Amino acid sequence: MTDPTDVDIHTADEAAWWRQAAVYQIYPRSFADADGDGIGDIPGILSRVDYLAELGIDAVWLSPFYPSALADGGYDVDDYRDVDPRLGTLADFDAMVAALHERGIKVIIDIVPNHSSNRHAWFQEALADGRGSAARERYIFRDGTGPDGSEPPTDWESVFGGPAWERVDDGQWYFHHFAVEQPDLNWSHPEVRADFLTTLRFWSDRGVDGFRIDVAHMLTKDLTEPLPSRAELEAIDSTTGQHPITDRDDVHEVYAEWRRVFNEYDPPRTAVAEAWVQTPERRARYASAEGLGQAFNFDLLEADFDAAAFRRLITVNLAQADATGSSTTWVLSNHDVTRHATRYGLPPLNGRHVKQGTEWVAAGGPEDQLDRERGRRRAHAATMLLLALPGSTYLYQGEELGLHEVADIPPAQRQDPAFFRGGEFDGLGRDGCRVPLPWTAEGSSFGFGSNGAHLPQPGWFAQYAVDVEAADPASTLSLYREALRLRRRLQTDEMLDWHDTGRADVLRFARPNGWQVISNFGTEPFPLGRDADAVVLATQPLRDGELPGEATAWLRL
Ligand code: BGC
């Protein structure tokens, strides 16, 4: 449908592209494999830029593609200013950026500043130079406790399970909030700060448009002795800005410096913080215009498929974004959580396989309790609601195919350190959402590459393959393509008005430009009356002018 009052968001202010963007997360090692080594790569992404353009996204976010031993899927970075040789070269990266830009797609890359890998030149130097050396100052080294220092400095646990301190040959210990292979950097050190500014300029100069900042809330720490015990640490209020290791107010000094670098560019580079903090107010600090500018809002990802919860969380986050001048972000899936089609197909309690508060609960889920069809229906309804909200929406590769979590990966083939160490991401860990994408129903690794895939793909992937879904107008892929096409006309302003529907399980909102959205979270059909004629997109066909249960419709009134 065309309407002269519709505005394409791409004609809007160029510097504000990120405010209402649909961003597609690529997990490079599992997207497309061009050289047949079983690992996705940059040339693989380059070979699929037309697919991305046709999908209709505004930007891609690439999870780490840097040289890495893959102790944590690439979030253990050996060198922040290079490409993993298994994934390509800097020249390949430049070619990919150029091809995406040619199609009007922006590029966001992942920056992992809290920790390097233990193979990083700095950490190797710290090991070689030994106790008391300047090189150790870039990390967090401490002597142990106990009569001979053989006990760790504290009893703190790492996120992936096991102690957060590791002993090195000369008897000292270093702190790692995540895996042993991910030593935390010392953000009080001027060289650490300066080096990341170099990294941000390095990639900005290569044309990168924005950055996703990994665990943005953890960088600065106050490790003044005596250090608290684990129990004491956990009892400290983390909303005061003074917690020893998380969400400290002084972390924003780092981001103020980064903002000055972003603003050296035209248009300014953008950033989005991954900050698992306690309240929307604390999160807003990361999203300030003097800081990173935007922060992930994981509230809907953590919520059940429930109308009241959705309405409350949408309202709170829009108000928060409005108060800070940022725009909010919506996300249901990423590389750390069970795919939302699966979460929504499991009974509510089992469906919550994501971080809740400070706790992670099991990912994967019992296959025998999974209702795939229901999960798909609800995922369509929730995603179409998200895509119509003011703010930007982050989509995770494979969700446009309606992929489910792969729960039954044999332990010997799993890779996630969380699976092996049983930490906060307990249960099955995160491999199940990182299985390489199916591009074709036939052929080696479903078209992912010519020679297998680094995580095993189940037989049922065939029915979700891109070539199957592209040929089916009722597929998830066709729905995403249509929604993303229409979304460019829908997202013209950042306002939303709730309308009463007379039903607690049905939400309806209007955007001031005439678009309206109705989401039926219940199972009873919802009569649309005369508005049935205004429906331009529906996740399920209307029946006798009624929107079926677990469905969303977009209307143009
Ligand atoms: C990333 C994870 C990673 C962790 C440590 C998270 O926020 O999204 O995948 O394991 O940071 O870098």
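Worth pointing out:
- Across every direction, the projection of the convex hull enclosing the Cα atoms of the stretch 244-316 has a mean area of 5.8 nm².
- Whole-number percent relative contact order across the stretch 1-142, with pairs defined as alpha carbons under 8 Å at least 6 apart: 19
- Dividing the summed -39500 (n - 2.57) terms of all DSSP H runs of n ≥ 4 by the residue count of the chain sets its mean residue ellipticity at 222 nm at -7500 deg cm²/dmol.
- Hull volume per residue, based on the alpha-carbon atoms of the stretch 100-144 and their convex hull, is 96 Å³.
- Per-selection Rg to Rh, the stretch 454-557 - Cα, Kirkwood hydrodynamic radius: 1.05
- Taking every C-alpha pair closer than 8 Å and separated by at least 6 residues, the mean separation divided by the residue count of the stretch 460-514 gives a relative contact order of 21 percent.
- The stretch 126-151-the stretch 443-480 distance, computed between alpha-carbon centres (Å): 49
- Alpha-carbon Rg with Dmax, taken over the stretch 404-525, Å: 20.2, 55
- Part-to-part distance (alpha-carbon centres) for the stretch 47-97 and the stretch 174-203, which is given in Å: 20
- Once Rg and the Kirkwood radius are both taken over the C-alpha atoms of the stretch 43-83, their ratio Rg/Rh works out to 1.09.
- 5 angstrom amide H check on Asp110, placed H, neighbours 5+ away: Leu62, Arg212
- Fraction in percent of alpha-carbon pairs per bin - 5 Å, the stretch 65-175: 2, 11, 16, 17, 16, 12, 8, 6, 5, 3, 2, 0, 0
- In percent, rounded to a whole number, the relative contact order of the stretch 190-301 is 29, using alpha-carbon pairs under 8 Å and six or more apart.
- Each Lys and Arg adds +1 at its Cβ and each Asp and Glu adds -1 at its Cβ; summed about the Cα centre, the chain shows a dipole of about 1140 debye.
- Here's how it looks for Tyr139: its modeled amide H is under 5 Å from those of Asn186, which are all 5 or more places away or on a different chain.
- Gyration tensor (alpha-carbon) shape descriptor, the stretch 280-335, a/c threshold 1.5: oblate
- Amide H contacts for Gly402 (H built 1.01 Å from N in the peptide plane; partners 5 or more residues away or on another chain; cut-off under 5 Å): none found.
- In order through the stretch 325-336: 3J(HN,Hα) via Karplus (6.51 cos²θ - 1.76 cosθ + 1.60), integer Hz, x for Gly, Pro: x, 8, 10, 7, 10, 10, 7, 10, 9, 7, 6, 10
- Packing, taken as the mean count of other beta carbons within 10 Å per residue, orders the peptides 329-340, 157-168 from highest to lowest as 329-340, 157-168.
- Semi-axes of the equivalent ellipsoid for the chain, Cα gyration tensor, largest first, Å: 39, 25, 24
- Label-to-label distance for Ala308 and Glu151 is 4.9 nm, based on points extended 7 Å past Cα in the beta-carbon direction.
- Label-to-label distance, Asp497 versus Ala121, with points set 7 angstrom from Cα along the beta-carbon direction: 6.0 nm.
- Listed residue (Ile108, Ala538, Pro28) projecting farthest to the positive dipole end of the chain, Cβ model: Ala538
- Per residue value of the accessible surface for the chain (all protein chains in place, 1.4 Å probe), Å²: 36
- log10 of Debye I(q)/I(0), alpha-carbon scatterers only, for the stretch 195-243 at 0.26 Å⁻¹: -1.06
- Inter-site label distance for Ala194 and Asp129 at 7 Å from Cα along Cβ, in nm: 1.3
- Divide the volume of the convex hull around the Cα atoms of the stretch 19-90 by the residue count and you get 98 Å³ per residue.
- Note that the stretch 534-543 has calculated 3J(HN,Hα) couplings of 8, 6, 10, 7, 9, 6, 9, x, 5, 10 Hz, one per residue in order, obtained from phi through the Karplus relation 6.51 cos²θ - 1.76 cosθ + 1.60 (θ = phi - 60°); glycine and proline are x.
- Anisotropy class of the stretch 188-293 from Cα gyration tensor, a/c 1.5 cut: prolate
- In order through the stretch 430-444: 3J(HN,Hα) via Karplus (6.51 cos²θ - 1.76 cosθ + 1.60), integer Hz, x for Gly, Pro: 10, 5, x, 9, 10, 6, x, 5, x, 9, 9, 5, 10, x, 4
The values are calculated or read from the model by the stated rules, or taken from the named source; none is laboratory data. It should be emphasised that the depicted structure is a prediction, and the values quoted were computed from it without experimental measurement. All Cβ positions, glycine included, derive from the backbone under ideal geometry; neighbour counts span all protein chains shown. Only protein heavy atoms, including side chains, enter the accessible area calculation; ligands, DNA and RNA are left aside. Shrake-Rupley method; radii C 1.70, N 1.55, O 1.52, S 1.80 Å.
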